[in-house]
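Below is one structure, written out as structure tokens; the observations come after it.
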Amino acid sequence: MTSLLTAIGLFFFAFLFHLIIWRAQIPRRQTRTLVMIFMFVPVLVACTLCLGRLCGSLWCPPLRDLPSIGLFYLGAAGCYLITYAGVEELSPSLLIIRTLEAASNRGCTRLDLAKVLTSDRFVEPRLRALRLQHIITDTPNGSRLTTQGIRIARFAIFLSRCFCLNEGG
């Protein structure tokens with residue numbers, strides 16, 4: 001139980017650090033900053049606990065518990081990073097739900113939804129994010145994948161094949 005509480009506390013501390021930074025100013029490279037936070041916090045906590053253990057003033061989990069704490073933390077941090085990437089920008093599904101909720105009983109036509117689901121609102125911000133993360137680059141003929149983007153695309157295609165996913169649904 002102590003391992004579980006330690007891992008939850010570690011995740012909570014990283015989340016709190018994330019929240020404080022975002023309240024002060026949202027970073028330009030949100031995903032990269034978030035990954036750095038979730039990598040930095042366990043190292044900082046581990047150093048603090050090791051120093052405390054050497055001084056005899058802080059509690060430190062037994063070494064045998066560290067793998068389970070680490071695995072829980074990695075799983076929780078990974079899930080959070082995936083979830084955050086999905087809500088970092090307003091998703092089309094969320095916008096549709098909000099539009100339908102605002103329409104209440106009168107409902108929405110496809111034309112009403114098309115007015116809020118525009119290219120400027122969804123495609124352009126994602127293209128900017130992909131450029132910022134060096135996944136795509138602009139050429140005279142349009143955008144193309146970078147070397148990093150090609151690796152990510154191949155991995156995505158591999159995963160979609162593993163799970164029998166296709167564009168047609």
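Within segment 70-93, the set of residues being closer than 30 Å to PHE13 by Cβ, assigned to a helix (DSSP H, G or I) and modelled with pLDDT under 80 comprises ALA85, GLY86, VAL87. Just checking, which of ARG98, ARG110, ARG64, ARG121 is closer than 30 Å to LEU4 by Cα and either basic (Lys, Arg) or surrounded by 13 or more Cβ atoms within 10 Å (Cβ to Cβ) (or both)? Just a single option satisfies the conditions, and that option is ARG64. Inspection of segment 115-133 identifies no residue that is outside any helix (DSSP H, G or I) and at pLDDT 90 or above. Among residues of segment 2-27 that are of a type in the set (A, V, I, L, M, F, W, C), none has a beta-carbon under 6 Å from a residue that is surrounded by fewer than 11 Cβ atoms within 10 Å (Cβ to Cβ) at least six positions away or on a different chain.
Residues checked against (1) of a type in the set (A, V, I, L, M, F, W, C); (2) part of a helix (DSSP H, G or I); (3) modelled with pLDDT of 90 or more:
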position	(1), (2), (3)
PHE15	yes, yes, yes
CYS47	yes, yes, no
CYS50	yes, yes, no
PRO67	no, yes, no
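The values are calculated or read from the model by the stated rules, or taken from the named source; none is laboratory data. Since the structure is predicted, the reported quantities are computational estimates derived from the model, not experimental observations. Cβ atoms come from the backbone with ideal geometry, glycine included; neighbour counts cover every protein chain shown.
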